[in-house]
1. Checking the condition more than 20 Å from Leu295 (Cα to Cα) and within 25 Å of the chain's Cα centre (by Cα), which residue from Gly267, Gly233 passes?
2. Have a look at Ala73, Ala115, Ala66, Ala50 and point out the one that is assigned to a helix (DSSP H, G or I), of a type in the set (A, V, I, L, M, F, W, C), touching a helix residue (DSSP H, G or I) at 6+ places or on another chain (Cβ under 6 Å) and more than 21 Å from Gly246 (Cβ to Cβ).
3. Considering only segment 526-538, state which residues are free of Cβ contacts under 8 Å to residues at least 60 places away in the same chain and either more than 16 Å from Ala478 (Cα to Cα) or not aliphatic (A, V, I, L, M) (or both).
4. Hey, can you tell me all the residues within segment 90-145 that are within 20 Å of Ile52 (Cβ to Cβ) and under 25 Å from the mean Cα position of the chain (by Cα)?
5. Quick check on my filter: what residues within segment 134-155 are part of a loop (DSSP other than H, G, I, E, B), at pLDDT below 95 and within 24 Å of Phe375 (Cα to Cα)?
6. Is it the case, given these coordinates, that Arg202 is buried (at least 17 other Cβ atoms within 10 Å of the Cβ) and assigned to a loop (DSSP other than H, G, I, E, B)?
7. For segment 382-421, name all the residues that are in a strand (DSSP E or B), of a type in the set (Ser, Thr, Tyr) and either surrounded by 24 or more Cβ atoms within 10 Å (Cβ to Cβ) or under 16 Å from the mean Cα position of the chain (by Cα) (or both).
8. Just one of Trp361, Trp374 is more than 30 Å from Ala442 (Cβ to Cβ) and either in contact with a His (Cβ under 9 Å, 6 or more places away or on another chain) or surrounded by fewer than 22 Cβ atoms within 10 Å (Cβ to Cβ) (or both); which is it?
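The values are calculated or read from the model by the stated rules, or taken from the named source; none is laboratory data. Computed from a predicted structure; not experimentally measured. Quick reminder, even Gly has a Cβ in these numbers, built from the backbone with ideal geometry, and neighbours come from all protein chains shown.
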Amino acid sequence: MSEIAPVAAPLDRRALAELRVRLADGLHARAGEATAKAAPRELLVCAGGACISCHSIAVADELESALAAGGLAGEVRVVRVGCMGLCEAGPLVVVSPDGVYYQKVDREGARRIVAEHLGAGRVVRDLELAWDSPDGRRLTGREVPFFAQQVKIALRNCGVIDPAAIGEYVARDGYLALEKALFELSADDVVAALKESGLRGRGGAGFPSGMKWQFVREAPGDEKFAVCNGDEGDPGAFMDRSLLEGDPHSVIEGMTIAGRVTGAHRGFVYVRAEYPLAIERLDNALAAARAAGLLGEDILGSGFAFDIEIRIGAGAFVCGEETALLRSIEGKRGTPQPRPPFPAQHGLWGKPTLINNVETWASVSPILLRGAKWFAAIGTGRSKGTKVFALAGAIRNTGLVEVPMGISLRTIVEEIGGGIPNQRRFKAAQSGGPSGGCIPAAAADVAIDYESLQELGSIMGSGGLIILDDHTCMVELARFFLEFLVEESCGKCPPCRIGTRVMLNLLERITKGEAVPEDLDTLEALGRHIQRTSLCGLGQTAPNAVLSTLRHFRAEYDAHVLEGRCPAGQCKALLTYTIAAESCSGCALCAKACPSGAITGEIKHVHTIAQDLCIHCGACLSVCPTDAVEAV
């Protein structure tokens, strides 16, 4: 198959349908779907942010060079696709339509794939992505649990299409839902479908999407707006970034449908400046959509006009809150505003505004194409469909996953994530970013949905999921996240500005062994008060990490306060550093590294630590070549 180039001329509805038919077979085959025609040979190279950082672009270039050298350039093409999900194994290369996945591919590996797989017709076994199943079978490609357990709706095109080629999106039924919304479905039909599907906002609060769309549609006003919240500020989260990098047209299509339904003619995508690749690919996709007549005036000859602009945020975490985000788009300081009025009635420049996050927008067109009942059949009673998670932390298989709502945390950790490395024990999972809470291992079999996470003291959030092992101090973890939120608070309301800083001071006293038992009661009471009285979602959820760890790991707090010890061995102020005489080589590296002069001893003789001089910095532990320094 020749390369699918961006659409160069405006299309009407008939021309778009003809283009889709012409291009569809090869792309469907690439995605593992049935096709009547023989599929072309392609090498899909992950060009998501994580794999690019592992030099996947150089791998793609090497593949092209090897194909040219082997006389295969006209028979096989290299496609730079979006995130494939399994970031831990990157750079990833997939041979299509064979369905063979290669992991951690470097330049030499690229040459071997061309020479051995494409040239000699044999799989390069030592590079192939393969897992051993419990029954002894060797699982490869889509069979491996990381992929097999997933249901991809929002991520349906990531890792499959070239995000720079609008034709590839069109070939995968792209903009077909927009056609339906323009020519076949009424605005009420679209709203009804979203309501029936049960789609809820994937940005954190989980508000019913259909209801929000209806509010904006029914709001009076001659000007309305649609806004995409791409301000993904949670540490360790990369769901929105990967979607914008790998499938920007899915967001454009969802927003354009919303414009048709609500009466909006302008849209804005708010993306933080730390996402240059996402911004670049989104900007290119917007230009391609305009050139194809899918944005701008008279879209597909329907008479409907809609266009989208990018607004780049400076990285303020509080701008993820919708009212702060709207002020930032207006060119003002991003501070939250009291609600009501809500943005659906009084939003951008005082006009009715529909705000959804990236994942929500990407889920709209599949619902209109496959039906509300199909989407509603996935998930749980009040949490329908799928959820994208950024799986990180103490887990073997870090990456991006999309799973049905209601899946258990245990399944994500043990099967999709491959378990905890280094023979450590699963202790907890932190969901929802800094504003979320911790789920203990004892609750690993609870279904993950909006309600169950809330009952455990956490939130779904935008989808960050950090796995923690038994080496993690839950008190220090709570302190870390609260410190982040204290720094990111806009300072507008006293409960957040003052209250979170007082909570942080208490946590610092606990980790240093300076707290008294009454401090724990103060910490909990203050957290509840901040939840009730803060102006916006940042302050209202800021105490979550503290309150959930107090609830599920109270014994760790008690150990810090009552016994002066850190069970996980992470709080340096509570550790006692000693040198084991039988292991000390007398190299004096510890004495040289000690900033307080607490370590003494002659060269080639056992060294000792004066406890009254030790400042518990841990420098000696980090430099000892014989592991003679111990911390207990």
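1. On the way: Gly267 fails: more than 20 Å from Leu295 (Cα to Cα).
Going through Gly267, Gly233 in turn, the sole match is Gly233.
2. Residue meeting the stated conditions: Ala66.
3. Gly527, Arg528, His529, Gln531, Arg532, Thr533, Ser534
4. Gly90, Pro91, Leu92, Val93, Val94, Tyr101, Tyr102, Gln103, Lys104, Val105, Leu129
5. As a first pass, look at segment 134-155 and keep what is part of a loop (DSSP other than H, G, I, E, B): 134-137, 144, 149-155.
After this cut, where a residue has to be at pLDDT below 95 as well, the list is 134-137, 144, 149.
Correct list: Gln149 only.
6. It is true that Arg202 is buried (at least 17 other Cβ atoms within 10 Å of the Cβ) and assigned to a loop (DSSP other than H, G, I, E, B).
7. Thr386
8. None of the other options fit; the residue is Trp374.
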